[in-house]
Amino acid sequence: MLEDFDDAARVPTVGTGEPSTTGGTRLELPSGGDLRWQWLTLEQNDALVALLARIEAHDDPPYRTSAEESAETFVPVSSDVGTAKVVGVDTAGVPRAYAIVRVRPTAGTFRALCDGGVDPAWRRRGLGTTLLQWQLGAARTILDRAGHANALAVVHVEENLTDAQEMLRLAGFVPTRWYTEMRRDLRRELPDVQPHGQVTVEPWDPALDDAVRRAHNDAFKDQWGGELHTPETWAQGRTYFAPEWSFVALDRTSDRARVAGYLISGRYEGDWAAQGWSEGYTEILGVREEWRGMRVATALLVRAMRAYAADGMEYAGLGVDSPQPGTDFGMFGRLGYEPTRSSLMFSRTV
């Protein structure tokens, strides 16, 4: 997701065995709901993807989860405090509900990232509440085993899923961030924008990947929810990374070029049918503090949009997050981006 810093910093988941945690109290499986509960493992990924397809066909979010994306859920991350993943299967062995909780450090605290879903044919049986309570309990167990006091439990939900939002409110969650998906029609003329000073926008260079990671950590170190990436976590989630649509802004005022900003794009072809259009998606946009106010972010966005258009994309897409609804979209609005859909982040202490 992206946040508008006025041309500044950022733009805008059937086996056995206990999950990854460290010493102490044993994690328990959920109970009830007329399902057989077990730990979710990579071997069940195909069945999980089939469940996600049924959920997404019913709820119609602006994306569809591929097997490759789902498999990333099972990649261990050394910086995580702990993870737990469960699935509930019916008498025929068909997965009908799942839940995942991952506790990780972020911005000087910890977050319990909660993901889950229930087959539309099995809703209104209390399964959502069962899984949410299990996630909170699992997060608490993981924290206790690691010796940490508390964390912020986080759940993302689409704006149209009002039943899920009511369930979260009843469990003590409150909405704390608003996310807006935006698109920009690439048939419209693009402005000619160049950054100030001796900064140039250049094609993505794999040799600069770690320098961009370090620049990202610098750009986001004081931002809400900023996560400082290790080389391991930086390399994750790259299934649909589009290097041909990604760019680096370099300051060449000295003999050694410095990363002033960067834009990383994704090519999510599997989402285009659900959206109704093709797009190049800006996943991360960052500008380091020293170069803010120098049109670096705007130049990166325009360069990416030209690359999307050259490959026949209909729109440029991105996501913007803010601490309240009805935000002014600032730079993105001025560049012609328009909102399409919204979602919310609910949170509570655990």
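Please treat every number below as a calculation from the coordinates, not as lab data. Here the structure is a predicted model, which is why all the values come from computation and not from measurement. Positions of Cβ are backbone-derived with ideal geometry, glycine not excepted, and every protein chain shown enters the neighbour counts.
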Which of rounded, prolate, oblate describes the range 204-350, given a ≥ b ≥ c as roots of the alpha-carbon gyration tensor eigenvalues and a/c under 1.5 marking rounded, otherwise prolate only if a/b is larger than b/c? rounded
Skipping prolines and chain starts, which residues have an amide H placed within reach, meaning under 5 Å, of the one on residue 284, given they are 5 or more residues away or on another chain? 264
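What dipole magnitude, in Debye to the nearest 20, does the range 284-325 give about its Cα centre under +1 on Lys/Arg Cβ and -1 on Asp/Glu Cβ? Display every interim value, and only then the final one.
On the way: 5 positive and 5 negative charges, 39 e Å.
Roughly 180 debye for the range 284-325.
Could you work out how much longer the chain between residue 236 and residue 324 gets when fully extended? Use 0.36 nm per residue separation minus the Cα distance between them, nm to one decimal. Present the calculation step by step, with values, prior to reporting the outcome.
Values: separation 88, 0.36 × 88 = 31.68 nm, distance 2.92 nm.
Full-extension gain reported as 28.8 nm.
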Among 337, 89, 153, which residue has its Cα positioned farthest towards the positive end of the charge dipole of the chain, with +1 placed on the Cβ of Lys and Arg, -1 on the Cβ of Asp and Glu, and the dipole taken about the Cα centre? 153
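Only helical DSSP H runs with n ≥ 4 go in: add -39500 (n - 2.57) per run for the chain, normalise by residue count and round the 222 nm mean residue ellipticity to 500 deg cm²/dmol. Each step should come with its number before you reach the end.
Working: 9 runs with 92 residues, N = 350.
Roughly -8000 deg cm²/dmol at 222 nm, from the helical runs in the chain.
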Expected unfolding gain across residue 125-residue 68 under the 0.36 nm per residue rule, minus the alpha-carbon gap, is 17.5 nm
Using the Cα centre of the chain as origin and beta-carbon charges of +1 (Lys, Arg) and -1 (Asp, Glu), tell me which of 260, 133, 113 is placed farthest towards the positive end of the dipole. 133
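Which percent, nearest 5, of DSSP beta bridges in the range 180-343 are antiparallel?
Details: 27 of 31 bridges.
In the range 180-343, approximately 85 percent of DSSP beta bridges are antiparallel ones.
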Can you compute the charge dipole magnitude of the chain about its Cα centre, using +1 on each Lys and Arg Cβ and -1 on each Asp and Glu Cβ, nothing else charged? Give it in debye, rounded to the nearest 20. 740 debye
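What is the extension gain from residue 92 to residue 202, computed as 0.36 nm multiplied by their sequence separation minus the C-alpha to C-alpha distance, in nm to one decimal?
34.1 nm
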For a label point 7 Å from the Cα of residue 78 along Cα→C-beta, name the residues of the range 225-253 whose backbone N is under 15 Å from it. 229-236
For the charge dipole of the range 180-343, defined by +1 on Lys and Arg C-beta atoms and -1 on Asp and Glu C-beta atoms about the Cα centroid, which residue among 197, 276, 180 has the Cα displaced farthest towards the positive pole? 197
Residues other than residue 98 with Cβ under 12 Å of its Cβ, Lys/Arg counted +1 and Asp/Glu -1, net out at +1
